[in-house]
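Visitor: The structure is given below, and queries will be raised subsequently.
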Amino acid sequence: MPASVTRISDVCLLVENIERTVEFYVEKLGFRLRRRAEGFADFQGEGVTLAAWELDHINQHTGVSKLRSPRQAHKVCVAVQLDTPADIDWLHGELSAKGVPFYGPPENYVWNARCAYFTDPDDTLWELYAWLDGGPGDYHDEQP
């Protein structure tokens, strides 16, 4: 099989402070730190690896821009699918008690899912979701 960009293995968040990021993901969200290097960390996950790389460090080594987005300017949403809508309510309560900043309580949305949204210290948007009865609906893979 030829190489393909559809085989996503890692999501790397570009962050301002790696220490603050590691503390948040380990202490508040319960991720297990897998690797730690100067300006970089990754976490053991299920399926896709979550990594964090300091903007100044990636810029220094690769030349990638270190331009910061304005606060609360979301560029990505990391979504976590849970098994049931009740799991959303339970995890919202657990994370809220640890100081995770949610936008509000879990709600049922028009796309047939119960969701809750929070941000990490760099304003990365996270979505917790579970499908309501009927699930996500049909796939539409029509060929032109």
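Visitor: Kindly work out what percent of the DSSP beta bridges joining two residues of the chain are antiparallel, to the nearest 5.
Guide: 65 percent
Visitor: Something else now. Considering only DSSP beta bridges whose two residues both sit in the stretch 1-68, what percent are antiparallel, to the nearest 5?
Guide: Numbers: 9 of 15 bridges.
Of those bridges, close to 60 percent are antiparallel.
Visitor: What share of the DSSP beta bridges in the stretch 72-144 is antiparallel, in percent to the nearest 5?
Guide: Roughly 70 percent of the DSSP beta bridges within the stretch 72-144 come out antiparallel.
Visitor: Between A97 and E46, what FRET efficiency follows from the Cβ-Cβ distance if R0 is 25 Å, with the result rounded to 0.05?
Guide: Values: r = 23 Å, r/R0 = 0.92.
Plugging the Cβ-Cβ distance into 1/(1 + (r/R0)^6) gives 0.60.
Visitor: If I build a Gaussian network model for the chain, linking alpha-carbon pairs within less than 10 angstrom, which residue out of L132, L33, L13 has the largest mean-square fluctuation?
Guide: Answer for the Gaussian network model of the chain: L132.
Visitor: Using the Karplus curve 6.51 cos²θ - 1.76 cosθ + 1.60 with θ = phi - 60°, work out ³J(HN,Hα) for each residue of the stretch 125-136 in order, rounded to whole Hz, and write x for Gly and Pro.
Guide: 7, 10, 10, 9, 9, 9, 5, 7, 3, x, x, x
Visitor: A further question on this structure: Loop-only GluC sites (Glu not before Pro) in the stretch 38-144, please: DSSP not H, G, I, E or B, and at most 10 other Cβ atoms within 10 Å. Before the final figure, lay out each step's value.
Guide: Details: sites: E38, E46, E54, E94, E107, E127, E142; in loops: E38, E46, E142.
Loop-located and lightly packed - E38, E46, E142.
Visitor: Using only Cα atoms, tell me the angle between helix 85-97 and the longest principal axis of the chain; keep it within 0 to 90° and round to the nearest 10.
Guide: 40 degrees
Visitor: Out of T62, T124, T49, any idea which swings most in a Gaussian network model of the chain, alpha carbons joined below 10 Å?
Guide: For the chain, modelled as a Gaussian network with Cα springs under 10 Å, the answer is T62.
Visitor: Taking the chain as a Gaussian network, Cα atoms linked when under 10 Å apart, which of Y129, Y103, Y117 shows the biggest mean-square fluctuation?
Guide: Looking only at Y129, Y103, Y117, the biggest GNM fluctuation is shown by Y103.
Visitor: Counting only helical runs of four or more DSSP H residues, what would the 222 nm mean residue ellipticity of the chain come to if each run contributes -39,500 (n - 2.57) and the total is spread over all its residues? All intermediate terms of the calculation are to be shown ahead of the outcome.
Guide: Numbers: 3 runs with 27 residues, N = 144.
Calculated at 222 nm, the ellipticity per residue is -5500 deg cm²/dmol.
Visitor: List the trypsin sites (Lys or Arg not before Pro) within the stretch 1-102 that DSSP assigns to loop and that have no more than 15 neighbouring Cβ atoms inside 10 Å. Don't skip to the answer; put the middle values down first.
Guide: Values: sites: R7, R20, K28, R32, R34, R35, R36, K66, R68, R71, K75, K98; in loops: R7, K66, R68, R71, K75, K98.
Filter output for the stretch 1-102: R7, K66, R68, R71, K75, K98.
Visitor: At 7 Å along the Cα-to-beta-carbon direction for both D87 and D133, put a label point, then send me their distance in nm to one decimal.
Guide: Going by the 7 Å Cα→Cβ label model, 2.0 nm.
Read-outs: derived from the displayed coordinates by stated rules, not from any lab. Note that the structure is predicted; figures quoted are calculated from it, not measured. All Cβ positions, glycine included, derive from the backbone under ideal geometry; neighbour counts span all protein chains shown.
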